[in-house]
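Quick note: the coordinates plus some simple rules give every number you see, no bench work behind them. Nothing here was measured: the structure is a model prediction, and the numbers come from that model. Here the Cβ positions follow ideal geometry from the backbone for every residue, glycine too, while neighbour counts run over all protein chains shown.
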Amino acid sequence: MHYQDLIAGGTDTAATTVEWAMSELMKQPELIKRATEELDRVIGRERWVEEKDIPQLPYIDAIMKETMRKHPVVVLLVPHLALEDCNVAGYHIRKGTRVFINSWGLGRDPSIWEATEEFRPERFLGKAIDVKGQSFELLPFGSGRRMCPGYSLGLKMIGSILANMLHGFKWKLPGNMKPEEISMEEVFGLATIRKFPLTAVMEPRLPLHLY
Ligand code: HEM
């Protein structure tokens with residue numbers, strides 16, 4: 001694999017995640033209100049969000065996790081091969097077994113999550129579930145030795161882009177379009193992208209000299 005392909009793969013996955021997040025948020029404007037209240041309180045209206053601010057924004061973090069639960073860009077993780085007999089969560093896995101992990105299925109498994117079809121960032125507030133391969137119910141970057149080496153960069157990109165898009169702009173749907181008309185259809189491929197791109201109208205939220 002080329003270095004350029006890695007970078008392209010990394011930016012595509014982050015951009016796709018942000019587009020899913022904004023689509024879900026535009027369906028529920030009260031979530032945007034809650035996110036911008038956090039941004040106004042922690043950042044204020046006089047500047048943009050910086051990378052170092054992200055740990056102080058738990059609601060933005062919860063939106064990211066909820067987006068990766070419902071719309072993991074990599075639906076079927078790269079196949080893994082057990083090099084030796086092992087036991088994972090009570091399941092005996094024989095040496096030589098090829099394992100396919102369905103991260104989309106994990107995120108929508110009703111035995112793990114309540115109201116799986118609903119986009120509710122609140123479900124992550126105050127919970128220790130992370131996306132770094134330790135919480136097996138949420139594996140958008142995989143787990144173990146072959147997990148995504150770009151996860152830290154990926155999370156920083158998603159966090160900074162999402163936070164600044166919400167902080168810097170008011171979001172509206174074009175014309176008379178209603179939130180329930182936003183399509184959530186997916187196209188299945190190497191990455192799960194939206195079938196129809198999100199269309200939105202943006203207006204500045206911060207003082208104009210910052211743009
Ligand atoms: C939102 C962003 C990203 C997501 C959701 C994501 C997701 C994933 C997933 C699910 C895997 C397979 C892991 C497994 O099988 O356990 C993977 C592998 C990989 N990712 Fe990412 N990734 C992202 C960003 C990036 C970035 C920014 C880079 C590089 C700069 C990158 C480089 C790689 C590479 C090289 C592998 C293959 C690792 C291996 O097989 O050993 N990814 N990624």
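Condition check ((1) charged (D, E, K, R); (2) more than 24 Å from LYS172 (Cα to Cα)) across all residues:
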residue: GLU30; (1), (2): yes, no
residue: ASP40; (1), (2): yes, no
residue: ILE43; (1), (2): no, no
residue: ARG69; (1), (2): yes, yes
residue: LEU81; (1), (2): no, yes
Practice task
May I ask you to say which residue of ARG120, ARG94, ARG145 is under 15 Å from the mean Cα position of the chain (by Cα) and either on the phi > 0 side of the Ramachandran plot or among the basic types (Lys, Arg) (or both)?
Solution key: ARG120
Exercise for the section: With a cut-off of at least 2 residues that are surrounded by fewer than 11 Cβ atoms within 10 Å (Cβ to Cβ), name the strands (runs of 3 or more DSSP E) lying wholly within the stretch 84-185. Expected result: 91-93
Problem - Within the stretch 36-61, considering residues that are surrounded by 18 or more Cβ atoms within 10 Å (Cβ to Cβ) and within 16 Å of the ligand (Cβ to nearest atom), the one farthest from the chain's Cα centre (by Cα) - result: ILE54
Problem - the stretch 129-146, subset within 14 Å of ASP109 (Cα to Cα) and not aromatic (Phe, Trp, Tyr), residue nearest to the ligand (Cβ to nearest atom) - result: LEU139
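Among the residues of the stretch 64-83 satisfying the criterion of being surrounded by fewer than 18 Cβ atoms within 10 Å (Cβ to Cβ) and assigned to a loop (DSSP other than H, G, I, E, B), which is nearest to the ligand (Cβ to nearest atom)?
VAL78
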Fill in the blank from the handout: Residues of the stretch 85-122 being among the acidic types (Asp, Glu) and farther than 20 Å from GLY133 by Cα, in sequence order, are ASP85, GLU114, GLU117, GLU118, GLU122
Problem - Of residues in the stretch 37-52 being touching a helix residue (DSSP H, G or I) at 6+ places or on another chain (Cβ under 7 Å) and among the acidic types (Asp, Glu), the one nearest to LEU25 (Cα to Cα) - result: GLU38
Completion exercise
Taking first residues from the stretch 145-162 that are farther than 12 Å from VAL131 by Cα and in contact (Cβ under 8 Å) with a residue 40 or more places away in the chain and second residues anywhere that are near the ligand (Cβ under 6 Å from one of its atoms) and hydroxyl-bearing (Ser, Thr, Tyr), the pairs with Cβ under 8 Å that are 6 or more apart or on different chains are ILE158/THR17
